[in-house]
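What follows is a short report on a single structure.
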Amino acid sequence: MNQQTTVDGRIFVAYQWIPQLVDDINAGVVDHGILADKLNWQSVILNNYPEVRFNWDEFQHEAFRIDDTAQLHVYVFPEPEEPGHPAFGAVFVRTSSNACAYYTLEMAPANQWTIVGTQNGKRKSYGAFQPSFDDFLRWVIDRHNTI
């Protein structure tokens, strides 16, 4: 019997799908509008990655306009179950240049939380952080309001 390997959809979306979209946006391959197209994501992932198991009802997206040239796309993932699982993701987009940066707030060992940036296939931890949604979003905006 051939057993198919399953992949945790939260990990796939947070650490493969969104980072690839960000890299493609920064390379000029796609427009930043793709960040808001959750229904298209769902269709493409279901049709092309059948091993990915994800409860789309537990995944939320909201876009916020920061100013005339910047947006913040915020993703709320299912409740983290173990270290390395994201609670939130945020993509800061400079719409005038189609440049963006992606961060997650993820569970770390010992009931800690950390901010991790993912770009060009590399992850960088920015250290311990309190698990506050508002503080996480402020951190992302403050850090990248200059790109």
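In segment 25-40, how many are touching a residue at least 24 places away in the same chain (Cβ under 8 Å) and surrounded by fewer than 11 Cβ atoms within 10 Å (Cβ to Cβ)?
Of segment 25-40, the ones touching a residue at least 24 places away in the same chain (Cβ under 8 Å) are 25-26, 28, 31-32, 35-36.
With the extra rule that they be surrounded by fewer than 11 Cβ atoms within 10 Å (Cβ to Cβ), the set shrinks to 28.
Residues flagged as touching a residue at least 24 places away in the same chain (Cβ under 8 Å) and surrounded by fewer than 11 Cβ atoms within 10 Å (Cβ to Cβ) within segment 25-40 amount to 1.
How about segment 90-99: which of its residues are closer than 21 Å to Trp17 by Cα, open to solvent by 10 Å² or more (accessible area, probe 1.4 Å) and among the small types (Gly, Ala, Ser)? If you could, list the steps in order and put the result at the bottom.
Going through segment 90-99, the residues closer than 21 Å to Trp17 by Cα turn out to be 90-95, 98-99.
Filter again for open to solvent by 10 Å² or more (accessible area, probe 1.4 Å), leaving 94-95, 98-99.
Once the filter is applied, which keeps residues that are closer than 21 Å to Trp17 by Cα, open to solvent by 10 Å² or more (accessible area, probe 1.4 Å) and among the small types (Gly, Ala, Ser), segment 90-99 yields only Ala99.
Output the residue which, of all residues in segment 115-138 that are surrounded by 15 or more Cβ atoms within 10 Å (Cβ to Cβ) and more than 15 Å from the chain's Cα centre (by Cα), is modelled with the lowest pLDDT. Write out each step before concluding.
In the first step, residues of segment 115-138 are kept if they are surrounded by 15 or more Cβ atoms within 10 Å (Cβ to Cβ); the result is 115-119, 129, 131, 136-137.
Retained after the next criterion (residues that are more than 15 Å from the chain's Cα centre (by Cα)): 129, 131.
Values: Phe129: 85, Pro131: 69.
Once the filter is applied, the top-ranked residue is Pro131.
Can you find a residue that is farther than 26 Å from Arg138 by Cβ and either among the aliphatic types (A, V, I, L, M) or in a loop (DSSP other than H, G, I, E, B) (or both) anywhere in segment 54-76?
Step one: list which residues in segment 54-76 are farther than 26 Å from Arg138 by Cβ, which gives 54-57.
Remaining after also requiring either among the aliphatic types (A, V, I, L, M) or in a loop (DSSP other than H, G, I, E, B) (or both): 54-55.
Yes, some residue in segment 54-76 is farther than 26 Å from Arg138 by Cβ and either among the aliphatic types (A, V, I, L, M) or in a loop (DSSP other than H, G, I, E, B) (or both).
Residues of segment 100-114 being hydrophobic (A, V, I, L, M, F, W, C) and either open to solvent by 60 Å² or more (accessible area, probe 1.4 Å) or touching a Pro at 6+ places or on another chain (Cβ under 9 Å) (or both), which ones? Don't jump to the end; show me each part of the working.
First pass over segment 100-114, keeping only residues hydrophobic (A, V, I, L, M, F, W, C): 100-101, 105, 107-108, 110, 113.
If the condition is that a residue be hydrophobic (A, V, I, L, M, F, W, C) and either open to solvent by 60 Å² or more (accessible area, probe 1.4 Å) or touching a Pro at 6+ places or on another chain (Cβ under 9 Å) (or both), then Leu105, Met107, Ala108, Ala110, Trp113 are the ones that fit.
Results for (1) modelled with pLDDT under 95; (2) part of a helix (DSSP H, G or I); (3) farther than 14 Å from Thr95 by Cβ, shown as yes or no for each residue.
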| position | (1), (2), (3) |
| --- | --- |
| Asn2 | yes, no, yes |
| Arg10 | yes, yes, yes |
| Gln16 | yes, yes, yes |
| Ile34 | yes, yes, no |
| Val44 | yes, yes, yes |
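The values are calculated or read from the model by the stated rules, or taken from the named source; none is laboratory data. These numbers come from a predicted model, not from an experiment. Reconstructed Cβ throughout: ideal geometry from the backbone, glycine too, with neighbour counts over all protein chains shown. Surface areas here come from the heavy atoms of the whole protein model, side chains and all, with no ligands, DNA or RNA. Shrake-Rupley method; radii C 1.70, N 1.55, O 1.52, S 1.80 Å.
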